[in-house]
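Heads up, the thing below is written out as structure tokens.
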């Protein structure tokens, strides 16, 4: 990982590649590089650090070419360094970029070294380029060589390859890691994400699993994993270039927090006009599949996993349907019993999360009645490989720490709960009550976001802290988990979340005057229980920061800081209460001077295990 851009044209493609890398910076990376081919051969430039440093270096050496590949790397094998940065080369005529992980790289490396190949990096990627060199020496053309080499690779990979002897060909491969082809006029491109190419095209071919493509200025030839020629449909992207720009905001994350009212509005629009309309948002097959559902299995990672945890409360409380939620990286590696009539639900912003995709592809039991993807990217693998799809319509989310993707996922999951409930006999009158609440969401989220200034002031209390505790009860416990995740992701403060009732079973040992304790306190049936838990914290000298419903009567006092939230209906409260926690994390990170949009060691789209 983490980002690939490639181009072939009748003009210098250097600027296309650098611009594309800049537009992929949101994915997280530690180094960057580019290889450009012209009549004199391949020029490779690599730098540890930001793309801006690479851009300066490319200008300094006047690197140019009519074909090239570029890459931003997020370290998996080998520390961040210029030597480990992509592109990797074998000799001076062959260059390659790679996203993913080659699991059998060590045995391949040992074999290549025994045959005299010298390795200059610690990466798994370098074995691929040397294998290609080895096959090319037998007289096979570049596309044929790539087809032979990928058969030897175990793991996940997206590849972009160029060779001096075939300056009219750019080779691309997709297996377990996303790759898209951009179509231009007398020039074509590849990228990990179509956002990288929006300045030059809005027409894309999404490679499917196992596809290998030979790209020239005239067109694209694609073969599938079996080597058979295939035609993949071209799609027009209807987003705009401006969607992925910061505009007036200091950071993408800040922009995306404040985009949430509009994102929720788009997600709900024309979908919640009446109880009967709900099921249409999940596809034509939804009525038949939802009729068979007896239980739900949700699988996701990170923030999406927290969304799934909220959905479990809703499913069992509103629809009366049993639900299990599990992190994908664990689910895919254990034996599990699949009850009859199970709906398999995956949640992912990108739709390319490796562990979630692998879990989806392992749903072979006949007891699964269908697979539903809750996703923000309609062209993603998760969407293409699921029978049912709910698109969240959040628009491009650039900040690594998810915000609007999370709240729109929650909106979609609540719609799923209501649609399933209706199929199981939940009265339309009960559904309409919740729909009426959901129609208030854009306004309520806007009200929550309007607390930005007092939250910014509150954040000053956290700047010098090293640890924080987040508390919630019931359906607000996953919201507390999400708040803690946000704080640790972007401010690097160690944060944990607990169900507030668990304080007395261990976490109280951590509480002292230097441990800020953050709690969400909507006006629900567990409010009085939560107040008792907060008193346990105060009795031990803990400093409390409470986001409370204005009607919950949580009073400020010594060591108790209260920020009054708008009155929010209980069912939709998890969606609204996540917003002030996002703002708190954002402002703490800004005050601590961290890289808000690209926090260290993290990637936006996690396409490796």
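In degrees from 0 to 90, rounded to the nearest 10, what is the angle of the helix 105-114 Cα long axis to the longest principal axis of the chain?
Tilt relative to the chain: about 20 degrees.
Quick check: residue separation of residue 433 and residue 81 times 0.36 nm, minus the Cα distance between them. What number comes out in nm?
121.0 nm
With each label point set 7 Å from Cα along the Cα-Cβ vector, what nm distance links residue 106 and residue 269?
So the two model labels end up 5.3 nm from each other.
Ranked by Cβ crowding within 10 angstrom, fewest neighbours first, how are 11, 332, 203 ordered?
So the ranking, lowest neighbour count to highest, is 11, 203, 332.
With angles folded into 0 to 90 degrees, how steeply does helix 14-23 sit against the dominant principal axis of the chain? Use alpha carbons for both and round to 10.
20
Roughly speaking, what is the stretch gain from residue 556 to residue 505, that is 0.36 nm per residue apart minus the C-alpha to C-alpha distance, in nm to one decimal?
Additional length available on full extension: 15.7 nm.
Compute the Kirkwood hydrodynamic radius of the stretch 183-335, taking the inverse of the mean of 1/r over all pairs of distinct Cα atoms, and give it in Å to one decimal.
By the Kirkwood definition, the hydrodynamic radius is 20.1 Å.
Could you calculate the FRET efficiency of residue 218 with residue 138 from 1/(1 + (r/R0)^6), where r is the beta carbon distance between them and R0 is 35 Å, rounded to 0.05?
0.80
Would you mind pulling out the separation of the Cα centroids of the stretch 286-340 and the stretch 434-501, in Å?
Centre-to-centre (Cα) distance: 24 Å.
Along the Cα→Cβ direction, 7 angstrom out, place labels at residue 151 and residue 602. What is the inter-label distance in nm?
Spacing of the two 7 Å Cα→Cβ label points: 4.3 nm.
Tell me, how many Å apart are the Cα centres for the stretch 155-186 and for the stretch 563-598?
40
Using only helices, what value at 222 nm comes out for the chain when you add -39,500 (n - 2.57) per DSSP H run of length 4 or more and divide by the total residues, to the nearest 500 deg cm²/dmol?
So the helix-based figure for the chain works out to -9500 deg cm²/dmol.
For the chain, take the longest principal axis of its alpha carbons; what is the angle in degrees between that and the long axis of helix 126-136, to the nearest 10 within 0 to 90?
Tilt relative to the chain: about 30 degrees.
Between residue 165 and residue 365, what is the FRET efficiency for a Förster distance of 35 Å, r being their Cβ-Cβ separation, to the nearest 0.05?
0.10
Place the peptides 302-311, 58-67 in order of packing, highest mean first, counting for every residue the other Cβ atoms within 10 Å and averaging per peptide.
Packing order, densest peptide first, comes out as 302-311, 58-67.
Grab the beta carbon distance between residue 280 and residue 378, set R0 = 22 Å, and tell me the FRET efficiency rounded to 0.05.
0.85
Residues in the stretch 442-470, backbone N under 19 Å from the label point at residue 564 (7 Å along the Cα-to-beta-carbon vector): list them, ranges by number please.
444-458
Note down the nm distance, to one decimal, between modelled labels 7 Å out along Cα→Cβ at residue 330 and at residue 56.
Roughly 4.6 nm, to one decimal.
Bear in mind these aren't lab numbers, they're just calculated from the coordinates by the rules spelled out. Quick caveat, the model's predicted, so the values are computed rather than measured. Positions of Cβ are backbone-derived with ideal geometry, glycine not excepted, and every protein chain shown enters the neighbour counts.
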